[in-house]
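Step one of this worksheet: look at the structure below.
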Protein chains: 2
Amino acid sequence: MKAVEDCTIGIVGLGLMGGAIATALRNCGAAPAERLLAYDTNEETLAQALSAGLIDEGFTESDGKPDIAETQGISGMLKRCDLVFLCLNPSTLIRFMETRMGNFKEGALIVDIAGTKGRICSVMEKTLRPDLDFIPGHPMAGAEKGGFANVGLVNFKGKNYILTPLRRNRPENLSFIKTLIRRMGFGRITETTPGEHDSKIAFTSQLCHVIAAALIDCENDREITRFGGGSFEDLTRIAMLNVPMWTEIFLENRDELMKRIEQFEGSLDKLKTLIREEAAGELAKRLTVVRDRRAGM
Amino acid sequence: MKAVEDCTIGIVGLGLMGGAIATALRNCGAAPAERLLAYDTNEETLAQALSAGLIDEGFTESDGKPDIAETQGISGMLKRCDLVFLCLNPSTLIRFMETRMGNFKEGALIVDIAGTKGRICSVMEKTLRPDLDFIPGHPMAGAEKGGFANVGLVNFKGKNYILTPLRRNRPENLSFIKTLIRRMGFGRITETTPGEHDSKIAFTSQLCHVIAAALIDCENDREITRFGGGSFEDLTRIAMLNVPMWTEIFLENRDELMKRIEQFEGSLDKLKTLIREEAAGELAKRLTVVRDRRAGM
């Protein structure tokens, strides 16, 4: 792989995360002028990103627009890119790779940012064009509101980044990507299996979103925030969720998420029983374990 | 009631909240030099607060210390105070009022900060000395770590303050306290009944703490934070709880808290069912309601 500054980089999907990645690539100097291309179905987003100097060229689908030249569409972009960031939901990503596999530049390196990894990794192990490399990953950053307009809310500084490498990944590409991830500002990089990723993320992310949604679901008083002291606000901030994305992620990772919901219900039930039975000593003992465990994390 | 600057103010219990109130009273000019007294069973805390200039005099229990003069003990302090902040847990507060009712200065105004209000209000309606006034309240502020050492983590600016006035409260005292609360930096003041307070707080505060504790309870992997992207951290920050205080508050407000836990379990179960049954359309519909409701709060 050549130096990243000499790569032509393509962002597929200029939403919240695609926009944040473009911003980080520019800010860290990895994508100098003329090197950063982006594809999105929303032409207005592309126009905004272009006029802000965030990207150098914008590409959009030619579907239904027969007058768009080949070079202006997604295939025109992909054939120029040495490095591609796929910033798409899991199912869109899989469809995109099926449809566009033939369009990538010879030897291109592809990375993704999808929040579930099992299916993507198994499909890519089987179907990736032999000359391409695809490194699955999950940057653990976001914002409570989605879309390109909210890119400014995303901060990569010190955040976690999970990689779930494929057996076929070339070591030099893995090392290239890790260097780039650090340069974009991320902190800890964890390499793990897609299975472990999906299990842990079902807990730290999806379960937390389900809990936040359930909390809001069970109280219809808009004035409830008069009684808020920070806890409720903290626990429900993420309830302002990107509905299509989270619906897909919950269902995509359904088996792991169901296990985690049931595990959580078990712990909640134990605490509820101690409270109902006024078992002060036992309750204090369990809360002490919790406090110490959280403090040690 | 005279101007607050001319009042001698006593803080009973110089823990996290007592210390934060002393700080706010000093910073807003309501408690000028010589006017702020504090009682605590921990002499080291008193010494720290004195040397920091946060309080003007410290008082401690004379129990087991027969050589402590009457004027150095709690009764010596109470007989000088026009305004007293009781910064104690509910049961300690009720015991304190039983024991010390005779020690308060004629006509003194007493306020408290306890997180449950039902029992305190009903006991005070019945037993308060006729010349005294007691305005029950709950400042919705705190920190994830307790104790005087963490006072710097508390910020009252713009926070909610709930008052659950007694029928006997004098209107001029209520108005005096509301002015002081605003001066200390709080935002919205809500007046409500003890019953509504305990029901809403069971939801916004106690349920949230139980959920945070249950989340930590069900995962023993200290390395789980490698998979954190903010949601898990937000939902479990409050799990580092002050164990004796929360054990007491959970049990004190047990009936309301049980109702709220069951309400939450119902909502969680509905979401779980939609996920298990892969009811994408219904799930998206419910998440949309949640998103809009939270955004409107």
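The values are calculated or read from the model by the stated rules, or taken from the named source; none is laboratory data. Not measured: the values here are computed from a predicted model. Here the Cβ positions follow ideal geometry from the backbone for every residue, glycine too, while neighbour counts run over all protein chains shown.
Restricting the search to the range A:10-35, which residues are of a type outside the set (K, R), touching a Leu at 6+ places or on another chain (Cβ under 8 Å) and surrounded by fewer than 23 Cβ atoms within 10 Å (Cβ to Cβ)?
Listed by number, the residues that qualify are A:T23, A:A30.
I'd like to verify a number: residues in the range A:107-131 that are in a loop (DSSP other than H, G, I, E, B) and under 21 Å from A:A31 (Cβ atoms), how many? If you could, list the steps in order and put the result at the bottom.
Within the range A:107-131, the subset in a loop (DSSP other than H, G, I, E, B) is A:107-108, A:113-117, A:128-131.
Subsequent filtering for residues that are under 21 Å from A:A31 (Cβ atoms) retains A:107-108, A:113.
Residues meeting the conditions: 3.
Considering only the range A:227-247, I want to know if a residue exists there that is of a type in the set (G, A, S), more than 20 Å from the chain's Cα centre (by Cα), at pLDDT 95 or above and more than 20 Å from B:E282 (Cα to Cα). Steps first, please.
Let us first name the residues in the range A:227-247 that are of a type in the set (G, A, S), namely A:228-231, A:239.
Applying the additional criterion that residues be more than 20 Å from the chain's Cα centre (by Cα) yields A:228-231.
Cutting the leftovers down to at pLDDT 95 or above gives us none.
No: the range A:227-247 contains no residue that is of a type in the set (G, A, S), more than 20 Å from the chain's Cα centre (by Cα), at pLDDT 95 or above and more than 20 Å from B:E282 (Cα to Cα).
Table: residues versus (1) among the hydrophobic types (A, V, I, L, M, F, W, C); (2) touching a residue at least 60 places away in the same chain (Cβ under 8 Å); (3) assigned to a helix (DSSP H, G or I).
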| site | (1), (2), (3) |
| --- | --- |
| B:G146 | no, yes, no |
| B:V151 | yes, yes, yes |
| B:R168 | no, no, no |
| B:R182 | no, no, yes |
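Tell me whether the range A:144-165 contains one or more residues that are more than 14 Å from chain B (Cβ to nearest Cβ), of a type in the set (S, T, N, Q) and within 24 Å of A:C7 (Cβ to Cβ). Walk me through how you get there before you give the answer.
Taking the range A:144-165 and keeping what is more than 14 Å from chain B (Cβ to nearest Cβ), we get A:148-149, A:151-152, A:165.
Next, only the ones that are of a type in the set (S, T, N, Q) stay: none.
No, the range A:144-165 contains no residue that is more than 14 Å from chain B (Cβ to nearest Cβ), of a type in the set (S, T, N, Q) and within 24 Å of A:C7 (Cβ to Cβ).
Hey, A:I224 hits all of (1) in a helix (DSSP H, G or I); (2) within 16 Å of the chain's Cα centre (by Cα); (3) over 19 Å from B:R276 (Cα atoms) but one; which does it fall short on?
Of everything listed in (1) in a helix (DSSP H, G or I); (2) within 16 Å of the chain's Cα centre (by Cα); (3) over 19 Å from B:R276 (Cα atoms), A:I224 misses just condition (2).
Could you check the range A:114-136 and list, in sequence order, the residues that are surrounded by 23 or more Cβ atoms within 10 Å (Cβ to Cβ) and either free of Cβ contacts under 8 Å to residues at least 12 places away in the same chain or within 26 Å of B:E233 (Cβ to Cβ) (or both)?
A:A114, A:G115, A:T116, A:K117, A:I120, A:P136, listed by residue number.
For the range B:36-47, which positions are touching a Leu at 6+ places or on another chain (Cβ under 8 Å) and either among the aromatic types (F, W, Y) or not in a loop (DSSP other than H, G, I, E, B) (or both)?
From the range B:36-47, those touching a Leu at 6+ places or on another chain (Cβ under 8 Å) are B:36, B:38-40, B:42, B:45-46; that's our starting set.
Those that are touching a Leu at 6+ places or on another chain (Cβ under 8 Å) and either among the aromatic types (F, W, Y) or not in a loop (DSSP other than H, G, I, E, B) (or both): B:L36, B:A38, B:Y39, B:T45, B:L46.
Could we say that B:N89 is in contact with a helix residue (DSSP H, G or I) (Cβ under 7 Å, 6 or more places away or on another chain) and polar (S, T, N, Q) here?
On the way: in contact with a helix residue (DSSP H, G or I) (Cβ under 7 Å, 6 or more places away or on another chain): yes; polar (S, T, N, Q): yes.
Answer is yes for this residue.
With the requirement that a residue be among the acidic types (D, E) and assigned to a strand (DSSP E or B), what does the range B:132-144 give you? Steps first, please.
First, the residues of the range B:132-144 that are among the acidic types (D, E): B:133, B:144.
B:D133, the sole residue that qualifies.
Identify all residues within the range A:249-264 that are more than 7 Å from chain B (Cβ to nearest Cβ) and either in contact with a strand residue (DSSP E or B) (Cβ under 6 Å, 6 or more places away or on another chain) or in a helix (DSSP H, G or I) (or both); write none if there are none. Please lay out each step first, then the result.
Initially, the range A:249-264 is screened for residues more than 7 Å from chain B (Cβ to nearest Cβ), giving A:249, A:252-253, A:255-256, A:259-260, A:262.
Of everything in the range A:249-264, those that are more than 7 Å from chain B (Cβ to nearest Cβ) and either in contact with a strand residue (DSSP E or B) (Cβ under 6 Å, 6 or more places away or on another chain) or in a helix (DSSP H, G or I) (or both) turn out to be A:I249, A:E252, A:D255, A:E256, A:K259, A:R260, A:E262.
Inspect the range B:137-158 for any residue being over 27 Å from B:D40 (Cβ atoms), under 15 Å from the mean Cα position of the chain (by Cα) and modelled with pLDDT of 95 or more and give the result as yes or no.
Initially, the range B:137-158 is screened for residues over 27 Å from B:D40 (Cβ atoms), giving B:158.
Next cut, under 15 Å from the mean Cα position of the chain (by Cα) only: none.
No: the range B:137-158 contains no residue that is over 27 Å from B:D40 (Cβ atoms), under 15 Å from the mean Cα position of the chain (by Cα) and modelled with pLDDT of 95 or more.
Out of the range A:74-105, which residues are surrounded by fewer than 21 Cβ atoms within 10 Å (Cβ to Cβ) and more than 22 Å from the chain's Cα centre (by Cα)?
Matches in the range A:74-105: A:S75, A:G76, A:K79, A:R80, A:G102, A:N103, A:K105.
Are any of the residues in the range B:275-297 part of a helix (DSSP H, G or I), more than 7 Å from chain A (Cβ to nearest Cβ), closer than 15 Å to A:V210 by Cβ and of a type outside the set (K, R)?
There is at least one residue in the range B:275-297 that is part of a helix (DSSP H, G or I), more than 7 Å from chain A (Cβ to nearest Cβ), closer than 15 Å to A:V210 by Cβ and of a type outside the set (K, R).
Just give me the residues in the range B:199-248 being hydrophobic (A, V, I, L, M, F, W, C), within 7 Å of another protein chain (Cβ to nearest Cβ) and over 29 Å from A:A141 (Cβ atoms), in sequence order. Spell out the reasoning first.
Keep residues of the range B:199-248 that are hydrophobic (A, V, I, L, M, F, W, C), which gives B:201-203, B:207-208, B:210-216, B:218, B:224, B:227, B:232, B:235, B:238-241, B:243, B:245-246.
When the remaining residues are screened for being within 7 Å of another protein chain (Cβ to nearest Cβ), the result is B:201, B:203, B:208, B:210-211, B:213-216, B:218, B:224, B:227, B:232, B:235, B:238-241, B:243, B:246.
Correct list: B:I201, B:F203, B:V243, B:W246.
It is to be established whether one or more residues within the range B:48-57 are surrounded by fewer than 22 Cβ atoms within 10 Å (Cβ to Cβ), farther than 30 Å from B:L241 by Cβ, without any contact (Cβ under 8 Å) to a residue 60 or more places away in the chain and not acidic (D, E).
Taking every residue of the range B:48-57 in turn, at least one turns out to be surrounded by fewer than 22 Cβ atoms within 10 Å (Cβ to Cβ), farther than 30 Å from B:L241 by Cβ, without any contact (Cβ under 8 Å) to a residue 60 or more places away in the chain and not acidic (D, E).
Enumerate the pairs (first residue in the range B:203-221 and under 15 Å from A:L215 (Cβ atoms) and assigned to a helix (DSSP H, G or I); second residue anywhere and acidic (D, E) and modelled with pLDDT of 95 or more) with beta-carbon separation below 9 Å, excluding pairs fewer than 6 apart on the same chain, so at least 6 apart or on different chains.
Close Cβ pairs satisfying both conditions: B:F203/B:E256; B:Q206/B:E256; B:A214/A:E265; B:A214/A:D269.
Against the conditions (1) at pLDDT 95 or above; (2) part of a loop (DSSP other than H, G, I, E, B), where does A:I68 fall short? Just the number, please.
Condition (1) is where A:I68 drops out.
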